[in-house]
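Worksheet: one structure, shown below.
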Amino acid sequence: MTFASLAARNLLRNKVRTLLTILGVAVAVVTFLLLRTVISAWTGAAEFAAKDRVVSRHKVTFIMSLPKRYVDTIRSQPDVKQATYANWFGGRSPGNEREFFATLAVEPKTYFEVYDELTFTEGSLAAFVEDKSGAVVGDVLARKFGWKLGDQVVLESGIFPNPVDRTWSFTVRGIYTTTSRTADRSTFFFHWSYLNDGAPQIVRDEVGWVVSRTKDPSRTADVGVAIDRTFDSEDTQTLSQDEASFNTSFLAGFSVILSAIDLVSGVILLIMMLVLGNTIAMGVRERTSEYGAMRAIGFLPKHIAGFVVIEAMVLSALGGVVGLGLSVPIVEKGLGGWLEQNMGGMFPFFRIPPVMAVAAVFLSLALGLLASALPAWQASKIRVTEALRRVV
Amino acid sequence: MTALIELRQIVKEFTRGGETLRVLENLDLDVERGSFEALMGPSGSGKSTLLNLMAGLDRPTGGSIAVDGKRVDRMSEGELAYWRANSVGFVFQSYNLLPVLTAVENVELPLLLSPVHATERRKRAEVALKVVGLTDRMSHYPRMLSGGQEQRVSIARAIVADPLLIVADEPTGDLDRRSADEILTLLETLNSEMGKTIVMVTHDPAAAARAKLTRHLDKGRLRATEASAREPHGA
């Protein structure tokens with residue numbers, strides 16, 4: 001028998017209570033990990049952004065477009081290796097309006113040079129480039145809608161309604177996948193020129209944004225500054241950011257949601273601490289006379305406090321480990337895959353970040369320590385003679 | 001015989017709800033080494049308070065307490081805890097065993113505080129349980145024992161560190177007559193054969209009669225001291 005084993009044995013005193021507390025902590029850890037994974041999946045695109053890509057967009061707002069001639073100007077910058085462009089199409093599959101996926105009108109040849117982490121699993125880039133009404137789709141999106149090479153796909157867009165019958169027809173020429181964990185595998189790409197030709201005159205020859213690849217990744221920020229300076233005297237000015245900053249500014253639109261999730265995950269930890277604190281406080285109250293007897297036979301206040309703290313930490317560690325043990329299969333085997341398949345646009349890679357898994361267990365321990373602080377202090381301050389008089 | 005415990009001009013006051021209550025009033029008392037004494041008196045007479053002071057569980061408001069020549073009333077909290085662990089064995093009315101520990105582990109508990117090796121701790125606990133006649137109940141948890149057996153485990157815990165003094169607060173209060181007799185016989189044996197000094201608080205005249213000396217307290221003062229009829233006290 002040791003001090004630690006004595007403290008841990010107290011957990012066996014009321015097995016049901018111990019089990020329920022461990023489960024309570026475990027559920028809190030699962031919820032915390034899920035919420036943190038949501039944030040991580042959402043912000044992952046910013047964290048894992050390419051270091052050598054610069055995104056230039058309208059200085060005022062992301063939704064305003066740039067003149068297409070800017071692309072050539074940017075390409076002529078000395079430090080730019082390649083530049084491409086895209087327009088947000090906002091396409092929807094008629095009959096499946098609630099199924100969201102990104103639809104981008106791109107320059108077919110250069111886009112996949114700038115985004116070379118996108119690779120073709122079926123079909124070829126050449127087939128896509130040659131067919132003006134061709135499209136390439138992510139493998140996840142293709143699986144979801146059952147699209148195969150050669151399939152005709154009809155989309156409609158609220159931003160660019162086709163002047164003829166509001167819909168746009170495409171032929172699937174390629175299916176891509178990616179080597180990047182955070183790249184979306186549910187995007188629908190098609191020719192920018194196809195959109196431009198069919199779009200109303202007023203929005204023709206405009207691009208949503210330009211993406212440049214720099215020759216020297218360490219000079220990416222300087223390249224952005226140089227691009228912006230080029231258009232300083234134009235009516236339409238640009239704001240160029242490295243890809244991480246661009247993604248972050250895009251996410252800023254969701255900052256309220258992200259902050260709310262942050263707050264909720266903090267509240268969950270607080271609840272977990274209160275659950276633990278309550279259990280520990282109940283245990284201390286029930287054992288007052290025992291602690292009195294222990295103090296009488298020579299145990300010091302620090303020993304009594306130590307027993308309470310160790311008990312709380314064992315409890316919280318068990319809860320943390322069980323929570324982690326439940327979270328991994330829930331996310332890795334079920335929820336993660338489902339979200340990637342069905343909400344790949346928002347969660348292209350939904351997996352628990354290892355650092356967060358470790359953090360959850362350590363946070364459980366830390367909260368166990370915090371939760372036990374007050375009961376431990378109270379237990380250590382018990383007056384021996386009063387404690388011995390108390391009959392529970 | 002020489003005095004093991006010397007109390008001089010002991011005053012003990014408690015403050016309850018803004019009112020100060022004097023429980024012990026200028027009390028002088030010597031407890032001889034090797035004696036077995038009973039403290040009796042009505043509720044509120046101060047007998048448990050006196051026992052707590054002798055055992056170093058509480059501090060006097062005034063006066064001095066010396067046990068085996070050591071000024072207990074001047075010790076710090078840590079020194080007092082260390083002294084109690086090595087010099088005093090406690091027997092409580094409600095036994096106060098830890099339900100999650102077996103009998104032998106409960107007896108071992110006070111030795112956790114000493115630098116004794118685990119094997120030696122276990123050996124000493126087994127010897128103590130043998131003394132109280134519970135060799136066959138070592139692995140039993142308190143819930144598996146009768147009240148008398150639990151109190152015997154409690155006595156084994158009290159003697160395992162070989163203390164100078166054993167204090168017992170109503171040790172037979174929760175027991176039937178037969179079990180109480182067994183416990184009192186055990187205390188007598190510890191006193192007569194192992195030379196332990198025992199001070200016992202009791203309400204029960206039959207239990208007090210088993211002690212060598214009975215002191216009567218009333219309203220914080222010693223009113224009478226009588227030697228047992230069975231074994232007259234010479235002091």
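Read-outs: derived from the displayed coordinates by stated rules, not from any lab. The shown structure was predicted, so the numbers you read here are calculated from the model rather than taken from an experiment. Here Cβ is always computed from backbone atoms with ideal geometry, including for glycine, and neighbour counts include all displayed protein chains.
Name the residue, out of A:Ile352, A:Ile280, A:Ile257, whose mean-square fluctuation peaks in a Gaussian network model built on chain A with Cα pairs under 10 Å. Comparing A:Ile352, A:Ile280, A:Ile257 in the GNM, the peak value goes to A:Ile257. Cross-link reach is defined here as a Cα-Cα straight distance under 27 Å, omitting same-chain residues fewer than 8 places apart; for A:Lys333 the lysines meeting it are A:Lys144, A:Lys148. Here A:Lys59 is the anchor, and the aspartates and glutamates within straight C-alpha reach of less than 13 Å, apart from those fewer than 8 places off in the same chain, are A:Asp228, A:Asp232, A:Glu234, A:Asp235. Rounded to the nearest 5, what % of the DSSP beta bridges within chain B are antiparallel ones? For chain B, the DSSP antiparallel bridge percentage is about 60. With springs connecting C-alpha atoms under 10 Å apart, model chain A as a Gaussian network and identify which of A:Ala281, A:Ala373, A:Ala296 has the largest mean-square fluctuation. It is A:Ala296.
In segment A:163-312 the Cα-Cα distances spread across 10 Å bins starting at 0 as 7, 17, 19, 16, 9, 10, 10, 7, 3, 0 percent of all pairs. Of the beta bridges in segment A:65-235, as assigned by DSSP with both residues counted there, near 75 percent are antiparallel. Distances over 40 Å make up what percent of all Cα-Cα pairs in the protein assembly as shown? Across the protein assembly as shown, Cα pairs with separations above 40 Å total 53 percent. For segment A:143-252, the fraction of C-alpha pairs more than 22 angstrom apart is 55%.
Diffusion coefficient of segment A:243-362 by Stokes-Einstein, Kirkwood radius over Cα pairs, 37 °C, 0.692 mPa s: 182 µm²/s. Note on the protein assembly as shown: antiparallel DSSP beta bridges, both residues inside, total approximately 70 percent of the bridges counted. Computing FRET efficiency as 1/(1 + (r/R0)^6) for A:Glu130 and A:Ser169, where r is the C-beta to C-beta distance and R0 is 25 Å, gives about 0.90.
Legend: residue pairs A:Lys68/A:Lys132; A:Lys381/B:Lys12; B:Lys47/B:Lys130, Cα-Cα distance threshold 25 Å; pairs beyond threshold, B:Lys47/B:Lys130. Entry note: chain B has Rg to Rh equal to 0.96, where both radii use alpha-carbon atoms and Rh is the Kirkwood radius.
When only alpha carbons are used to place a centre, segment A:157-213 and segment B:117-132 end up 84 Å from one another. Note on segment A:65-235: Cα-Cα pairs beyond 22 Å make up 46% of the total pair count. When its C-alpha radius of gyration is set against 2.2 N^0.38 Å (N residues), segment B:111-235 gives a value of 1.16. Long hydrophobic helices in chain A, taken as whole DSSP H segments with a C-alpha length of 24 Å or more on their own axis and mean Kyte-Doolittle hydropathy at least -0.5: A:15-47, A:255-286, A:301-328, A:354-380.
Gain on full extension, evaluated as 0.36 nm per residue between A:Phe100 and A:Leu374 minus their Cα-Cα distance, stands at 93.7 nm. For chain A, a Gaussian network of Cα nodes joined below 10 Å ranks A:Asn196, A:Asn96, A:Asn247 by mean-square fluctuation, and the top entry is A:Asn96. A simple spin-label model places pseudo-atoms 7 Å from Cα toward Cβ; at A:Arg204 and A:Leu149 they are separated by 3.4 nm.
Inter-label distance, B:Arg223 to A:Met282: 4.7 nm, where each label sits 7 Å from its Cα along the C-beta direction. Here the calculated FRET efficiency for A:Leu326 and B:Glu77, from their Cβ-Cβ distance with R0 = 30 Å, stands at 0.10, rounded to the nearest 0.05. With the simple spin-label model, which puts each label point 7 Å out from Cα in the Cβ direction, the A:Ile159 to A:Leu335 separation comes to 3.1 nm. Could you give the angle, 0 to 90 degrees to the nearest 10, between helix B:177-194's Cα long axis and the longest principal axis of the Cα atoms of chain B? On a 0 to 90 degree scale, this one is about 80. What separates the Cα centres of segment B:48-76 and segment B:90-109 is a distance of 25 Å.
Gyration tensor over the Cα atoms of segment B:34-119: the corresponding equivalent ellipsoid has semi-axes (square roots of 5 times the eigenvalues, largest first) of 26, 19, 11 Å.
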